[in-house]
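The structure appears below as structure tokens.
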Amino acid sequence: MRSVATRPASTLVCPSCSTPLPTRLPTCPKCSHIAPVSSEESYHALLDVPESPNPFVVDARTLRRNFLQAQRVCHPDAWSGKGQKEQAIAAAQSSLLNKAYQTLLNPVQRAQYLLSKRGEATQETDQVDNHELIMDVMDAREELEDANTEAEIETVRNRNEGKFPLQTIPV
């Protein structure tokens, strides 16, 4: 069986009744099939928001819409009349969705999550020891704040491309 994370939501079907699933969750509201979410599932995949070309960029409207849709499917209240096992799975799914949503919604938490996925965990209290870099970044931000036209912004960007080379992390 292929991982849920590798397929778009539109192609997922319930293993019990073959009905297309409304979200990336292994949960079918039609036949009440519910299964735990794979530990390999990324927050992006879970909430069906794209990870490429840049996993840091998240459309907040899409994120919220997909979160609410997924919560409707697995919210513990919707499973209150089912068995204890199903209720426990629904509670776990709902909790995971809340964590994924809050993480992807908050830029600092999103950055920490993305770094931790690549084995480079950081803390909000980590400090940059390169004071020259900090000053250069602050100067660049001030220049951008003072820019009034697209041409001025482009000039600042071009000047800083050499100072701050784009660093990419292989995926």
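The values are calculated or read from the model by the stated rules, or taken from the named source; none is laboratory data. These figures come from a predicted structure and were not determined experimentally. Glycine also receives a Cβ, built like all others from the backbone with ideal geometry; neighbour counts cover every protein chain displayed. Quick note on the areas: whole protein, heavy atoms, side chains included, nothing else; ligands and nucleic acids left out. Shrake-Rupley method; radii C 1.70, N 1.55, O 1.52, S 1.80 Å.
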**Asked** Which aspartates and glutamates does LYS117 reach when only Cα atoms under 16 Å apart count, and residues fewer than 8 places away in its own chain are ignored?
**Response** GLU40, GLU41, GLU51
**Complete:** Rounded to the nearest 0.05, FRET efficiency between ASN54 and CYS31 (Cβ-Cβ, R0 41 Å) equals 0.60
**Prompt:** Just the accessible area for ARG64, please: 1.4 Å probe, Å², rounded to the nearest 10?
**Reply:** 120 Å²
**Asked** Using a basic spin-label model with each label point 7 Å from the Cα along Cα→Cβ, how many nm lie between LYS85 and SER39?
**Response** 2.0 nm
**Message:** Check which residues have an amide H placed less than 5 Å from VAL13's amide H, if you skip close sequence neighbours.
**Reply:** LEU21
**Heavy-atom SASA rank of PHE67, PHE56 (probe 1.4 Å, accessible area, largest first)** = PHE56, PHE67
**Prompt:** With every protein chain kept in the model, how would you rank GLU40, GLU143 by accessible area, 1.4 Å probe, largest at the top?
**Reply:** GLU40, GLU143
**Asked** Which value, in Å² rounded to 10, gives the accessible area of VAL57 with a 1.4 Å probe and all protein chains present?
**Response** 90 Å²
**Fill in**
Between ALA111 and CYS17, Cβ-based FRET efficiency (R0 30 Å, step 0.05) works out to 0.15
**Message:** Please give me the summed charge of the neighbours of CYS31: other residues whose Cβ is under 15 Å from its Cβ, Lys and Arg +1, Asp and Glu -1.
**Reply:** +1
**Request:** Please work out how much accessible surface ILE153 shows to a 1.4 Å probe, ignoring ligands, DNA and RNA, in Å² rounded to 10.
**Result:** 60 Å²
**Prompt:** How do LYS82, LYS99, LYS30 rank by accessible surface area computed with a 1.4 Å probe, from largest to smallest?
**Reply:** LYS30, LYS99, LYS82
